[in-house]
Every structure is written in C-alpha cells, then in structure tokens.
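Following: one structure in structure tokens, then a few remarks.
The values are calculated or read from the model by the stated rules, or taken from the named source; none is laboratory data. Computed from a predicted structure; not experimentally measured. So basically every Cβ, Gly included, is an ideal-geometry build from the backbone, and we count neighbours across all protein chains shown. Keep in mind that these areas ignore ligands, DNA and RNA; they rest on the heavy atoms of the full protein, side chains included. Shrake-Rupley method; radii C 1.70, N 1.55, O 1.52, S 1.80 Å.
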Amino acid sequence: MAVAPTSTALNEPADSVLCAKNLTVGFGEATILNDITVNIGRGHATALIGPTGSGKSTFLRALNRMNDRVSGYRRNGEVTLEGESIFTSGMDLLDLRRKVGMLFQRPNPFPMSIRDNVVAGVKAHRMAKRHQFNDIAEARLTQVGLFDAVKDRLNKSPFQLSGGQQQLLCLARALAVEPDVLLLDEPTSSLDPVTTERVESLIANLVPSISVVIVTHNLGQAQRVSDQTMMFFDGELAEFNTTKELFTNPQHPLSSQYVRGHIG
Ligand SMILES: Nc1ncnc2c1ncn2[C@@H]1O[C@H](COP(=O)(O)OP(=O)(O)O)[C@@H](O)[C@H]1O
Ligand SMILES: [Mg+2]
C-alpha cells in the first residue's frame, strides 16, 4: 500500500522545535527513511509509533545526529532546531546533544559513581561550579523519584541498581543539562509497571517546558503521554495527527489498522 502522508501540517514552523524537511536517510544501498517532512511542536509530547523496522529509531537518531558515524550513513534533506539547520558546519555536536537529549531502551549509566553520572553533562558543559554538583545531583535524583533509594550510596557504582533505577538515573542525567527536547526511544519497554508509571508521569510534568518525542510500542502509553502522534510505516510518515484523532479517527488506512492491532 502506498504510504502517502495524509496530514503533516499540525504545527506551523514558528510553533515547532524541530522540523524535518524532505528528510531521506539510508545506510549504504538501503533507504530507511523516505522523504519525511514534519514539524514537531514546541512544548508538546509527540509519540512516534509504527511497526518494528519502520525507521522510528533511525528518525529519532537523525534529530540529534546520532547516526552520523554509522558506516554507510547517508542523508538528504534538512533538519532544523528552532529554525536553524543542525547540519551547518559550525554546529557543535556536544551542544546539539545537550539541547536535544536522548534516552534509550536500555539504560546506559557511565562507569562512575551515581552522583557523577547525574552531573557528567553538567561538568562537560561547565554549567555549574564544583561546589554545586552535590545539590544538582540531589535535585535531579529527587525530580525522578530516585533520591531516597540511592542517597546512602551516591559514591557507589550505578551497576548495582535495578534496571528501572538505572533508567531513572539516566533520565536524571539527561535532565541535568536542561535540554530543550528529550528524545525517548522505547524508554519503558524493559521497565516494571511501577517505574513505567513514574516515567510517564514525569513526562507529563516535563511538557511544556521540555518538548518530548517518545517512541513506543505501547499504544496505551502513547495515548496517556502524548498529545500529537506520528505514525511511521516502512520508512515513511503515514500520518501525523493529534493523538486523539489518530487513535479515534485515523486518516490513513495503515494507522487505522495499526491502532486496531492488525499490523505490527
Ligand atoms: N546501522 C544500520 N545499518 C543498516 N541498516 C540499518 C541500520 N540501523 C537500522 N537499519 C535498518 O533500518 C530499518 C529501520 O530500523 P529502525 O530505525 O531501528 O526501526 P524501528 O526503530 O522502527 O524498529 C531496519 O530495517 C533496520 O534493519
Ligand atoms: Mg527502534
């Protein structure tokens, strides 16, 4: 079935934090994303749904140039952050990834203490003075609901923590550098229900000051946390709509089948 986009114009560029324009991405011969044009609304939580292999992670990684060093990576088209191309020669990739932070499916704490994990980015970007690091670590761990569980072992390794706690730690680390956008790639797919609920309520509290894009296979989660949804199919944007519309009155037959559980 042809995947002609049915609605991609939910947000005006001026109301958008990230815009992809005719974005095509491939690895070697294979084209993975085909001509994606979408304006991601500033201050919104945007869900990205679609079958496995439809290009969701590749798209997310294109938004902060995480694919750049993948062998065979090629790109056409544009991505802008607050109206500015992320591909200009002057673009500082560290700075881009501070502004556009990311959380992966598997928690990836650094091999350093719990406290140092939280402030790693703060240090790298010289965002605070050394004497402030303890307070920043405490505030961010409190924000994600992890402080009480780790307050007696801040100098210890994060690798003794449960998977859910490690993910919350990575979220605290991502928030500590005060990003404009958080890209979440199936952030709760390996978490227990309680931690999942905590992450969902955190997301609700981040918007609108932080714009969130969340890839999820959990359609209930997409409806709970997002107000706009992109539906990918086979590397194309099949539909971009309000979450409510996409789930109750989908405009594209593929979205309709997907949200009813008939594909993917
Ligand atoms: N580094 C890579 N080299 C070649 N193909 C890749 C690479 N990364 C992803 N792909 C392919 O791109 C397609 C989309 O992958 P991905 O973006 O991970 O999909 P999703 O996140 O929707 O499951 C898949 O067919 C995958 O095999
Ligand atoms: Mg993926």
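Candidates in the range 212-227 are the residues that are open to solvent by less than 10 Å² (accessible area, probe 1.4 Å) and not in a loop (DSSP other than H, G, I, E, B); of these, the one that is farthest from THR58 (Cα to Cα) is GLN221. Scanning the range 206-236 for residues that are within 16 Å of ligand 1 (Cβ to nearest atom) and hydroxyl-bearing (Ser, Thr, Tyr), we see that the one that is nearest to LEU103 (Cα to Cα) is THR216. In the condition set (1) over 28 Å from ARG126 (Cα atoms); (2) in a strand (DSSP E or B), SER54 is compliant with all but (2).
To keep it simple, each residue is scored yes or no on (1) in contact with a strand residue (DSSP E or B) (Cβ under 8 Å, 6 or more places away or on another chain); (2) within 27 Å of SER256 (Cβ to Cβ); (3) in contact (Cβ under 8 Å) with a residue 60 or more places away in the chain; (4) within 16 Å of ligand 2 (Cβ to nearest atom).
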position: THR24; (1), (2), (3), (4): yes, yes, no, no
position: ALA30; (1), (2), (3), (4): no, no, no, yes
position: ILE49; (1), (2), (3), (4): yes, yes, yes, yes
position: GLY55; (1), (2), (3), (4): yes, yes, yes, yes
position: PHE59; (1), (2), (3), (4): yes, yes, yes, yes
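Do we have any residue at all in the range 26-36 that's away from ligand 1 (no atom under 16 Å from the Cβ) and under 18 Å from GLN228 (Cα atoms)? No - not one qualifying residue is present in the range 26-36.
Residues in the range 188-195 include none that are surrounded by 17 or more Cβ atoms within 10 Å (Cβ to Cβ), out of contact with any helix residue (DSSP H, G or I) (no Cβ under 7 Å at 6 or more places or on another chain) and either over 27 Å from VAL144 (Cα atoms) or at pLDDT 95 or above (or both). Answer yes or no as to whether ALA204 is in the same structural domain as ALA137 (by TED's automatic domain parsing) and open to solvent by 10 Å² or more (accessible area, probe 1.4 Å). Answer is no for this residue.
Scanning the range 121-136 for residues that are open to solvent by 20 Å² or more (accessible area, probe 1.4 Å) and in contact with a Phe, Trp or Tyr (Cβ under 9 Å, 6 or more places away or on another chain) yields a count of 1. Answer yes or no as to whether VAL144 is of a type in the set (A, V, I, L, M) and open to solvent by less than 20 Å² (accessible area, probe 1.4 Å). The answer is yes for VAL144. Take the conditions more than 16 Å from ligand 1 (Cβ to nearest atom) and out of contact with any strand residue (DSSP E or B) (no Cβ under 7 Å at 6 or more places or on another chain) and apply them to ARG42. Does it pass? Answer is no for this residue.
Determine whether GLU200 is out of contact with any Leu (no Cβ under 8 Å at 6 or more places or on another chain) and either touching a residue at least 40 places away in the same chain (Cβ under 8 Å) or in a loop (DSSP other than H, G, I, E, B) (or both). Spelling it out, it is not the case that GLU200 is out of contact with any Leu (no Cβ under 8 Å at 6 or more places or on another chain) and either touching a residue at least 40 places away in the same chain (Cβ under 8 Å) or in a loop (DSSP other than H, G, I, E, B) (or both). Remark: pairs (first residue in the range 160-187, at positive phi and within 16 Å of ligand 1 (Cβ to nearest atom); second residue of a type in the set (S, T, N, Q) and open to solvent by less than 10 Å² (accessible area, probe 1.4 Å); Cβ separation under 7 Å; 6+ apart in sequence or on different chains) = GLU186/THR216. From the list ARG98, ARG126, the lone residue that is in a loop (DSSP other than H, G, I, E, B), outside the structural domain of GLU29 (by TED's automatic domain parsing) and away from ligand 2 (no atom under 16 Å from the Cβ) is ARG126.
With respect to (1) away from ligand 2 (no atom under 16 Å from the Cβ); (2) over 15 Å from ALA20 (Cβ atoms); (3) exposed (fewer than 15 other Cβ atoms within 10 Å of the Cβ); (4) outside the structural domain of LEU141 (by TED's automatic domain parsing), the lone exception for VAL70 is condition (1).
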